[in-house]
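Inspection log for the structure reproduced underneath, given as structure tokens.
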């Protein structure tokens, strides 16, 4: 079976499919990876031992460029003649599913890792809902990454097809040997309570509320610290000017930029704080939990499935700086409660999201899809 995995940008392929593509090749699939041009796509070809194809796709809505990508994708499908295509990310999903439908590819799978339209308004929301509907209409199989994503797709009538979450949700799984607690970690109480955020420093990730809440907390508890790990994306969703100014002004806030290895930052923190507005299934919350960190998360898809409120973290309303401040204050002022939640963190993650289990769920799903067309 020839399988083509497709994402909009190569970093997504690397993040979610590294190791998996090699495993699929060893199990007999002819695997091809397609994404926009980039060094990471070339590196993936070498690390996975597979063929890759560069095809430009825009992350933003761009009608002319999107039509050009669709035409190029259709030509690629006609040339490669895959048995199965599997896309992720919104733009790659729409372009791939339409092109694969036009080219009559037998198995067309799209994974929704998150939905943008629930937090959008006006014309943009209608456009996003239509593109998601079109993606589903052209797909033969749809995988929502979590139960929350599944509920949103059905509730908003994006699709009426039979869709299901694989396993407990999540599409990457966690390497428990790679993400494990530091055995000789210094007690954070010796240097004050440290929060860590990992992700893009943009408005949709709740950075404005986080910096506002932490700055208020830091005035009452000067020993507290906030470490921000991730890149800024000023062109897509910039943070507020006052937020950017506070990050630069406050010595208790340390913005370290994007990092290849986030484990040292988890290891030196007491808790993850992740106040995102929307997610599919945030891997950072899983990674932090695997390293023994409790988390403060917002009540959104994915996060509410990983965190059990009061057991391995706290769940607060989204876009609410006051609720975030109160949760962070509780963590600082109740060390025994934090210690209890930290003790629960790794076992809960290990029981649901161990990587080999997550990958096996996908492999079994592929076999089901192949069996279904064989019967036809």
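Readers should treat all values here as calculations from the given coordinates under stated rules, not as data from a laboratory. No experiment lies behind these values; they were computed from the predicted model shown. Cβ atoms come from the backbone with ideal geometry, glycine included; neighbour counts cover every protein chain shown.
Seen against the Cα atoms of the chain and their longest principal axis, helix 335-353 is set at about 10 degrees. Quick one: if you stick a label point 7 Å off each Cα along the C-beta vector at residue 254 and residue 45, how many nm between them? Using points 7 Å along Cα→Cβ, the separation is 4.0 nm.
Cα centroid separation, the range 121-186 to the range 87-102: 15 Å. Multiplying the residue separation of residue 370 and residue 27 by 0.36 nm and removing their Cα-Cα distance gives an extension gain of 122.1 nm.
Once you order the gyration tensor axes a ≥ b ≥ c over the Cα atoms, which shape class does the range 1-63 get: rounded for a/c under 1.5, otherwise prolate or oblate by comparing a/b with b/c? Prolate, because a/c is 1.5 or more and a/b exceeds b/c. In terms of the mean number of neighbouring beta-carbon atoms within 10 Å, the peptides 301-311, 274-284 order highest first as 274-284, 301-311.
With contributions of -39500 (n - 2.57) from each DSSP H run of at least four residues, the per-residue ellipticity at 222 nm computed over the chain stands at -14500 deg cm²/dmol.
With respect to the chain, whose longest principal axis is taken over its alpha-carbon atoms, helix 90-102 is tilted by about 10°. Between the range 190-238 and the range 49-75, the alpha-carbon centres lie 35 Å apart. Normalising the average separation of contacting C-alpha pairs (under 8 angstrom, six or more residues apart) by the number of residues puts the relative contact order of the range 188-353 at 24 percent. At an R0 of 22 angstrom, the distance between the Cβ atoms of residue 330 and residue 216 translates into a FRET efficiency of 0.95. With respect to the chain, whose longest principal axis is taken over its alpha-carbon atoms, helix 122-138 is tilted by about 50°. Inter-label distance, residue 11 to residue 104: 4.0 nm, where each label sits 7 Å from its Cα along the C-beta direction. Under the criterion of Cα pairs below 8 Å and six or more residues apart, the relative contact order for the chain equals 14 percent.
Modelled label positions at residue 119 and residue 79, each set 7 Å beyond Cα in the direction of Cβ, lie 3.7 nm from each other.
Hey, quick one: spin label on residue 134, modelled 7 Å out along Cα-Cβ, who in the range 84-124 has an amide N within reach, i.e. under 15 Å? The answer is 90-103, 124, whose backbone nitrogens lie closer than 15 Å to the label point.
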